[in-house]
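The values are calculated or read from the model by the stated rules, or taken from the named source; none is laboratory data. Computed from a prediction, not measured in an experiment: that's the story for all the values here. Note: accessible area is taken over every heavy atom of the protein model, side chains too, but ligands, DNA and RNA are not part of it. Shrake-Rupley method; radii C 1.70, N 1.55, O 1.52, S 1.80 Å.
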Amino acid sequence: MIEDDLRAAFARHETLTPSTGPLRVAIDRIAAVRRRRRQRFQAAGVTLALLAALGVGVPQLRPDPPVVGSLLSDRPAGVQSGALNVLLLGVDGFGEQPSYRLADSVLLVHIPADRSRPYLISLPRDLEVSIPGRGVEKLNSAFHSGAAEPRPDLGAGYDLTRRVVADLTGVRVDAGAVLTFAGLRRITEAVDGVEVCLPEEVRSWHTRRTFPAGCQRLDGAASVDLLRQRRYLPDGTLDRDRNAQRYVAGLVRRAVAQDVLTNPVRLTALLSAAGKGLAVDDDGLPLTRLAAVLPELKSVDPVGLSLPVSPPAGNASRLPLDPKRGPEFLAALREDRLAQWAAQHPEQVNSVR
């Protein structure tokens, strides 16, 4: 009897129960967003996979929402106008023991509006910057701060670094990537080695290997070894950044020689080789549109540049922005005048071959 009364009561009030439709739609929407973010971290951008070897580590990331006056303008779908900026981070030790989680390679790839050629801009890891929530620190610590503990989030580490770089340079970061040393090693092996041309001999502090001056083909392990070196170099981390630019230039040349950039099958194979060592950010600039820019480039041979900095003050290890040349360089970057700036400051151009 009691059971019958309860059933009857529920039946009378069932019509008063709010519809679950809106709640289900909201749950599905949240699930879809999370699913897309997971897919973004698992995907690898064709162009970024090649250029990201510049740094060393790669998850999928999320730049700021598109701003008013987007670069897309009225050009046909799949075509990008205006200058583009891609942020590449190399993380030494992530997923390994010890896990450092510092972005020791920070590279901004600038593709000018005239599509003349890409510019590889090294931002020193020891650059003095303002990091939200931490004050004035080294640039490489932004990634560590964003990734957090005890289980670091590579996407969050990238997001904070991207924000710091955007604030520093005053340019929008359209896409980005993080690459680990493991991913770098696999990409190098996938193209059967990369030729790197060194202006002087480099000795490895880690393996005692000697890299002679001149051009040489490096396998995956040798490439990683070279890109980790700074202790025996005259300019320390600044020289390591220049060697990273030389490696990337060699990788791009190797990819062009093997027709990787225009062959979908070979591109897919290269991206698969990187595996979990590569992750990309393509929310702001879909990678299909970024890849469509490649045929527009008049030259794929990049120009290597470094952000002008001053020596550290006293016993400090942070590198301040050069008070004169730094702002001039950043203005040229924001105004898409790097070709003119490089011509006026040839001593600031890094040889990449």
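Through the Karplus equation 6.51 cos²θ - 1.76 cosθ + 1.60, θ set to phi - 60°, convert the phi angles of the range 178-187 into ³J(HN,Hα) values in whole Hz; use x for Gly and Pro.
10, 10, 8, 4, 5, x, 4, 4, 5, 5
Would you mind classifying the range 174-221 by shape? Square roots of the alpha carbon gyration tensor eigenvalues, ordered a ≥ b ≥ c; an a/c under 1.5 is rounded, otherwise it is prolate if a/b is larger than b/c and oblate if not.
On the way: a/c = 1.79, a/b = 1.72, b/c = 1.04.
Prolate, because a/c is 1.5 or more and a/b exceeds b/c.
Suppose all protein chains stay in the model; what accessible area per residue would a 1.4 Å probe give for the range 101-198, in Å²? Provide the component values of the computation, followed by the final result.
Details: 3060 Å² over 98 residues.
Computed with neighbouring chains in place, this is 31 Å² per residue.
State, as an integer percentage, the relative contact order of the range 294-353 based on alpha-carbon contacts under 8 Å between residues 6 or more apart. Don't skip to the answer; put the middle values down first.
Working: 45 pairs, mean separation 23.8, N = 60.
Taking the mean separation of contacting Cα pairs over the length of the range 294-353, I get 40 percent.
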